[in-house]
Amino acid sequence: MFEKLESLAPDAIIGIMALFREDQDPRKVDLSVGVFQDEQGHTPVMACVKQAEREIIDAQTTKTYVGIAGNADFNRGMEALLLGADHPALRDARVATIQSPGGSGGLCVAGHLIHRAAPDTRVCLSNPSWPNHLPLLRLAGLKLELYPYYDPAKHVIDFGAMTACLENLGHGDVVLIHGCCHNPCGADLSPDQWRQLAELCERRGVTPFIDLAYQGLSEDLDADAYGARLMAELLPEVVIVASCSKNFGLYRERVGSVSVISSNAERSRAVATNLANVARGIYSMPPDHGAAIAGRVLHSPELRAQWVEELAGVRNRINGLRGLLVAKLAERGAPRDFSFIANERGMFSFLGISKEQVVRLREEFHVYMLESSRINLAGINNANVDYVADSIVAVL
Ligand code: LMR
């Protein structure tokens, strides 16, 4: 029965990570997959995570099932983290949240829920978007379209083209928006643009679907949730998918959530049952360990304070590396202006070089990035930044 299946090309991101791991050259630099790295090129476990983990292991007396919606403390903690504890949607019991296996699991559940509620809906994604958005949401059966977002020549959001395109959407359509730290381009909407977008969604009856995978990696936990909170205040229905991979460094534990804001508490109860039913049909129940850790950190004043501090360290490091790379490229007289990288946010930016130059960087210089020229700034450190800048200038 499987004889018709053909071999597929490796994943656009995980495939490059695998190539990097195979490379034996001591000069190799990994700017591909979106994981944080410290000055030693290591992806550490946060101290608050280690502490919570120890406490959980000591206190745990059973491994019995938790339930389809996962850890209730985690879910309540995530709602408050995403929306702010006194958000009107929470006060009115209009938010239904379930724990999901990572942000990707959350996107999958949300996609299936949207398809179940409105099978003909169109979901509009930014061009470009995270490479995995398309296959994930397509598997849920959704019709996908793209809206213009990043202007690669000017290195800015083409907000005029974006809104002109979204004006064509109508009631029941969905627009997927990156909550902050746009993956892959690093260009984020301003508060004023969020407000205009919320007004457009309200007028056209469009439902925002916000992917908030990097809360805390741009400005701070509250500022990074500005758009999601605003949308949830002004619109009757909003879907928010969050990930704890990056802001808690819980990557392999697969921790995420799906929150759906509904127009009233009764609808919200119906949505909650459907979220659980969709999840049960896909993976039954989410893994416990990572969400138990994040839930504990969110609810313990000491661990939470420690987390906020550690997360600030992650954010400041990445933002600092942006300026460092730009300065190193300028010092070498790079024949292009890369200063836009310093203004972008989150882990990623496009270098804006060709596929051939990307391949040359990989094969000749052992510097790995996505074929689109997306780099993960967190892969840079003081020991490799000169080599990275030399290599980029060499292929320009
Ligand atoms: C990335 O974009 O590199 C990360 O979100 C990791 C992944 O799963 O793609």
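The values are calculated or read from the model by the stated rules, or taken from the named source; none is laboratory data. On a predicted model such as this, the values are computed, not experimentally measured, just so you know. Cβ placement follows ideal geometry from the backbone for every residue including glycine, while neighbour counts extend to all protein chains displayed. These area figures cover heavy atoms from the full protein model, side chains too; ligands, DNA and RNA do not enter into them. Shrake-Rupley method; radii C 1.70, N 1.55, O 1.52, S 1.80 Å.
Share of antiparallel DSSP beta bridges in segment 100-194, in percent to the nearest 5? If we restrict to bridges inside segment 100-194, about 20 percent are antiparallel.
What is the Cα radius of gyration of segment 65-299 over 2.2 N^0.38 Å, N being its residue count?
Values: Rg = 16.3 Å, N = 235, 2.2 N^0.38 = 17.5 Å.
Normalised Rg, Cα atoms only: 0.93.
What pairs from LYS4/LYS143; LYS154/LYS328; LYS28/LYS50; LYS246/LYS355 go past 23 Å between their alpha carbons?
The pairs that break the limit, which is 23 Å between Cα atoms, are LYS4/LYS143; LYS28/LYS50; LYS246/LYS355.
Expressed as a fraction of 2.2 N^0.38 Å, the value expected for a compact globular protein of N residues, the C-alpha radius of gyration of the chain is 0.98.
Summary of the geometry: segment 103-144 and segment 285-328, compared by the centres of their Cα atoms, lie 27 Å apart.
Global dimensions of segment 144-239 from alpha-carbon coordinates: Rg and Dmax equal 12.7, 37 Å. Fraction of C-alpha pairs exceeding 17 angstrom in segment 1-44: 48 percent, rounded to a whole number.
Under a Cβ-Cβ cut-off of 10 Å, what is the net charge of the residues other than ILE240 that fall near it, where Lys and Arg count +1 and Asp and Glu count -1?
Working: positive: ARG229; negative: GLU79, ASP211.
Result for the local shell: -1.
Selection among GLY256, GLY160, ALA85 by position relative to the dipole of the chain gives GLY256 as farthest towards the positive end (Cβ unit charges, Cα centre).
A DSSP coil position with no more than 13 other Cβ atoms inside 10 Å describes the following GluC sites (Glu not before Pro) in segment 1-77: GLU6, GLU39. Positive-end ranking of CYS181, ASN274, GLY102 along the dipole of segment 65-299, with charges on Cβ about the Cα centre, is headed by ASN274. Counting every pair of alpha carbons in segment 21-138, the share spaced more than 18 Å apart comes to 73 percent. Taking every protein chain into account, the accessible area of segment 117-229 amounts to 39 square angstrom per residue (probe 1.4 Å). Each residue of segment 169-318 gets 134 Å³ once the volume of the Cα convex hull is shared out per residue.
Restricting to the chain, compute how many DSSP beta bridges are antiparallel as a %, nearest 5. Display every interim value, and only then the final one.
Values: 17 of 36 bridges.
Of all bridge pairs located within the chain, approximately 45 percent are antiparallel.
Once you charge only the Cβ atoms, +1 for Lys and Arg and -1 for Asp and Glu, what is the size of the charge dipole of segment 65-299 about its Cα centre, to the nearest 20 debye? Before the final figure, lay out the partial values.
Values: 19 positive and 24 negative charges, 153 e Å.
Its charge dipole is roughly 740 debye.
Applying 0.36 nm per residue to the separation of ASP220 and ARG203 and subtracting their alpha-carbon distance, the gain on full extension is 3.1 nm.
I want the local charge near ASN71. Using Cβ-Cβ distances under 11 Å, sum +1 for each Lys or Arg and -1 for each Asp or Glu among the other residues. Intermediate results must be reported in sequence, preceding the final value.
Details: positive: ARG76, ARG296; negative: ASP73, ASP288.
For residues surrounding ASN71, the net value is 0.
Per-atom-type breakdown for the chain gives carbon and sulfur 53% of the accessible area (1.4 Å probe, protein chains only). Counted over segment 65-299, the DSSP beta bridges are approximately 45% antiparallel.
Pick out, from PRO10, SER284, GLN40, the residue whose Cα sits farthest towards the positive end of the charge dipole of the chain, with +1 on the Cβ of Lys and Arg and -1 on the Cβ of Asp and Glu. Of the options given, the answer is SER284.
Pick out, in residue order, every one of the trypsin sites (Lys or Arg not before Pro) in segment 57-140 that is DSSP loop and has at most 14 other C-beta atoms within 10 Å; say none if there are none.
Numbers: sites: LYS63, ARG76, ARG91, ARG94, ARG116, ARG122, ARG138; in loops: LYS63, ARG94.
The qualifying sites are LYS63.
Rounded to the nearest 20, the size of the Cβ-charge dipole of segment 57-97 about its Cα centre is 120 debye, with Lys and Arg at +1 and Asp and Glu at -1.
Taking a temperature of 25 °C and a viscosity of 0.890 mPa s, what whole-number D in µm²/s does Stokes-Einstein yield for segment 173-219 with Rh from Kirkwood over alpha carbon pairs? After rounding, the answer is 217 µm²/s. Based on DSSP H segments of at least four residues, each scored -39500 (n - 2.57), the chain has a per-residue ellipticity at 222 nm of -14000 deg cm²/dmol.
Note down the magnitude of the dipole of the chain about its Cα centre, charges +1 on Lys and Arg C-beta and -1 on Asp and Glu C-beta and zero elsewhere, to the nearest 20 debye. Please report the intermediate quantities before stating the final value.
Details: 38 positive and 48 negative charges, 125 e Å.
Result for the chain is approximately 600 debye, rounded to the nearest 20.
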